[in-house]
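Q: Sharing a structure here in structure tokens format.
The values are calculated or read from the model by the stated rules, or taken from the named source; none is laboratory data. All of these numbers come straight from a predicted model, not from anything done at the bench. Virtual Cβ from ideal backbone geometry, glycine too; neighbours counted across all protein chains shown.
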Amino acid sequence: MPTTNTTPETLTTIASIGQHVGQTVTLRGWLYNLRSSGKLLFPTFRDGTGTIQGIVPKAAVSEELFETLKNLTLESSLIVSGTVSAHPKDPAIFELQVTALTVTQRIPDATPFPIQLKENGPDFLMEHRHLWLRTPRQSAILRVRATIMRAAAEYFDTNGFFRTDPPILTPNACEGTSELFEMDYFGDDKAFLTQSGQLYVEATAMALGKVYSFGPTFRAEKSKTRRHLTEFWMIEPEVTYLDLEGLMQLADDFLSHIVTRVLESHQADLKVIGKDITKLEAVIAPGPDGERVPFPKLSYDEAHQMLLDAHAKGLLENAHTYGDDFGSPDETYISNQFSKPVMVHRYPAAVKAFYMQPDPADPTKALCVDVLAPEGYGEIIGGSQRVDDYDLLHSRIVAHNLPLDAFQWYLDLRKYGSVPHSGFGMGIERCVAWICGLDHVRETIPFARTLNRIYP
Ligand code: 4AD
Ligand code: MG
């Protein structure tokens, strides 16, 4: 297969082609689409950074080039050179007047690219995910995902946090034993795939103060919803001497940073994806005085009342039962009432995890927060202040029927210099689904793992 022999000056990418108007450049990519009208060909090229339309008048190129391109199969790989021009009607759109073409690999006519440019069902597309990733919308989503991951880590890296990555193989559960992937660990012991790095970042926080972890987490959830994956990426800060108020402030700052970064560099991608950018701008919109407006906060009790009112007005089918967790329709309703993410705090302790600190003002409530993304997206962040008293944590572990021996090290953190501390976890895929405006988390990660899919 040919390697390019073009000079490095002329080699560029579609994303940066605007700097080369009037020049002749070379792109390495694939044929995404091809239209022809007699003596004119309109190929669309893609190169991983975007797409660009080429223009090929028969009279302007060699017969060989014209015929090669005219008969080229979609998704064949190629190296194309041409002169860059701005679109006559929209100077933000660029076109390539093709001057040379080398086909790297031509897909034979007998075995066309499986994903044709028509409506394909989600099952077919997921079965061909390794190829579906190449289409402009999917590529755009992955580029936004990459920025979200970078911005998330950058926020902590530039605010005094140390990244401390926890193990993936763990001896105990963090978020409930019914959702654990279990494996044999050399015969005698069992190991589980981690559900959250939290317990370990609590330990590293006691060593370093402000820490975070960022890695894959696993939930053997038997739920087939639009929001659930069995493998997903979580970023989890943990901070000593931080209370629930401080934690909510941290979540607000962190999400605002991510949205700012995405808006800075992905306007074109968000357009391809079909996201209404004004919805993201509203998230970080300042108040009339130019001051930053914090995300709204609602206690569980207030959220419950809001749901009852909605039910009474016929806006919600089911009446929420006090004491229960919120279901998906409840979260959707609550988050739809705000243009910024809403922080719901102080849930009943009974529906939350064993490690959450009780509210001194009402010990039946936990000092916890769920951040619900706008536009009905629901929970993207879950966090809390942690129990810091040895005896209370011990009794919680026993009450939750968790194996004390596996949690001995975690209890040690309350035995030797315990301090108040808080942290949260954000699932990257939930965040990508919200920011890109996607119906389903399966499009937010290169290869989704769900209840009924582990291929490709
Ligand atoms: O609310 P969760 O279960 O909280 C924890 O795991 C805490 N230990 C985190 C912490 O305090 N350090 O999960 C946190 C976030 C959720 O808000 C959601 O964004 C995501 O992880 N998440 C999932 N994402 C996709 N698929 C699933 N099955 C998810 N379960 C949780
Ligand atoms: Mg949660």
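To keep it simple, each residue is scored yes or no on (1) surrounded by fewer than 23 Cβ atoms within 10 Å (Cβ to Cβ); (2) within 30 Å of Phe124 (Cβ to Cβ).
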position: Gly378; (1), (2): no, yes
position: Leu392; (1), (2): yes, no
position: Val398; (1), (2): yes, no
position: Leu402; (1), (2): yes, no
position: Ser418; (1), (2): yes, no
position: Met426; (1), (2): no, no
position: Phe447; (1), (2): yes, yes
position: Thr450; (1), (2): yes, yes
position: Pro456; (1), (2): yes, yes
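Q: If the requirement is being closer than 24 Å to Trp434 by Cα, among the aromatic types (Phe, Trp, Tyr) and touching a residue at least 12 places away in the same chain (Cβ under 8 Å), which of these qualifies: Tyr241, Tyr212, Tyr185?
A: Only one candidate qualifies: Tyr212.
Q: Let me ask something additional. Evaluate the following for Val25: is it modelled with pLDDT of 95 or more, crowded, with 19+ Cβ neighbours inside 10 Å and more than 23 Å from Ile107 (Cα to Cα)?
A: For Val25, the condition - modelled with pLDDT of 95 or more, crowded, with 19+ Cβ neighbours inside 10 Å and more than 23 Å from Ile107 (Cα to Cα) - is met.
Q: Of all residues in region 81-130, count the ones that are within 30 Å of Arg442 (Cα to Cα), at pLDDT 95 or above and of a type in the set (Lys, Arg).
A: Residues in region 81-130 being within 30 Å of Arg442 (Cα to Cα), at pLDDT 95 or above and of a type in the set (Lys, Arg): 1 in total.
Q: Tell me whether region 240-263 contains one or more residues that are of a type in the set (S, T, N, Q) and modelled with pLDDT under 95. Break it down stepwise before answering.
A: Residues of region 240-263 of a type in the set (S, T, N, Q): 240, 249, 256, 260.
After this cut, where a residue has to be modelled with pLDDT under 95 as well, the list is none.
No, region 240-263 contains no residue that is of a type in the set (S, T, N, Q) and modelled with pLDDT under 95.
Q: Here's another thing I want to ask about it. Quickly run through region 380-390 and pick out the residues that are buried (at least 16 other Cβ atoms within 10 Å of the Cβ) and away from ligand 2 (no atom under 16 Å from the Cβ).
A: Residues satisfying the conditions are Val387, Asp388.
Q: Please find, among Phe338, Phe354, Phe326, the residue that is away from ligand 2 (no atom under 16 Å from the Cβ) and under 29 Å from the mean Cα position of the chain (by Cα). Talk me through it step by step, then tell me what you get.
A: Values: Phe354 fails: away from ligand 2 (no atom under 16 Å from the Cβ); Phe326 fails: away from ligand 2 (no atom under 16 Å from the Cβ).
Unique residue meeting the criteria: Phe338.
Q: Ok, one more. Looking only at region 391-418, filter to residues that are part of a loop (DSSP other than H, G, I, E, B) and over 33 Å from the mean Cα position of the chain (by Cα); which one of those is nearest to ligand 2 (Cβ to nearest atom)?
A: Asn401
Q: Restricting to region 202-250, and then to whatever is assigned to a helix (DSSP H, G or I) and either under 27 Å from Phe447 (Cα atoms) or in contact with a helix residue (DSSP H, G or I) (Cβ under 9 Å, 6 or more places away or on another chain) (or both), can you tell me which residue is farthest from ligand 2 (Cβ to nearest atom)? First the steps, then the outcome.
A: Of all residues in region 202-250, those assigned to a helix (DSSP H, G or I) come to 202-208, 244-250.
Applying the additional criterion that residues be either under 27 Å from Phe447 (Cα atoms) or in contact with a helix residue (DSSP H, G or I) (Cβ under 9 Å, 6 or more places away or on another chain) (or both) yields 202-203.
Values: Glu202: 17, Ala203: 21 Å.
That would be Ala203.
Q: For residues that are farther than 22 Å from Glu175 by Cβ, out of contact with any strand residue (DSSP E or B) (no Cβ under 6 Å at 6 or more places or on another chain) and in a loop (DSSP other than H, G, I, E, B), tally how many sit in region 419-439.
A: The total comes to 3.
Q: When you scan region 404-456, how many residues do you find that are within 15 Å of ligand 1 (Cβ to nearest atom) and aromatic (Phe, Trp, Tyr)?
A: 5
Q: Hey, Leu255 hits all of (1) part of a helix (DSSP H, G or I); (2) surrounded by fewer than 17 Cβ atoms within 10 Å (Cβ to Cβ); (3) within 12 Å of ligand 1 (Cβ to nearest atom) but one; which does it fall short on?
A: (2)
Q: Going through Thr321, Thr278 one at a time, which residue ends up being closer than 30 Å to Arg137 by Cα and modelled with pLDDT of 95 or more?
A: Exactly one residue qualifies, and that residue is Thr278.
Q: Those residues that are buried (at least 21 other Cβ atoms within 10 Å of the Cβ) and acidic (Asp, Glu), I need them from region 170-228; list them, please.
A: Passing the criteria: only Glu202.
Q: Can you tell me how many residues in region 57-103 are part of a strand (DSSP E or B) and either among the small types (Gly, Ala, Ser) or in contact with a Pro (Cβ under 6 Å, 6 or more places away or on another chain) (or both)?
A: Total meeting the criteria: 7.
Q: Would you confirm whether any residue within region 325-345 is free of Cβ contacts under 8 Å to residues at least 24 places away in the same chain and surrounded by fewer than 18 Cβ atoms within 10 Å (Cβ to Cβ)?
A: yes
Q: Let me ask you something else. Check region 363-377 and report whether any residue there is at positive phi and more than 16 Å from ligand 2 (Cβ to nearest atom).
A: Taking every residue of region 363-377 in turn, at least one turns out to be at positive phi and more than 16 Å from ligand 2 (Cβ to nearest atom).
Q: Here is a further query. Of all the residues that make up region 376-403, how many are of a type in the set (S, T, N, Q) and within 13 Å of ligand 1 (Cβ to nearest atom)?
A: 2
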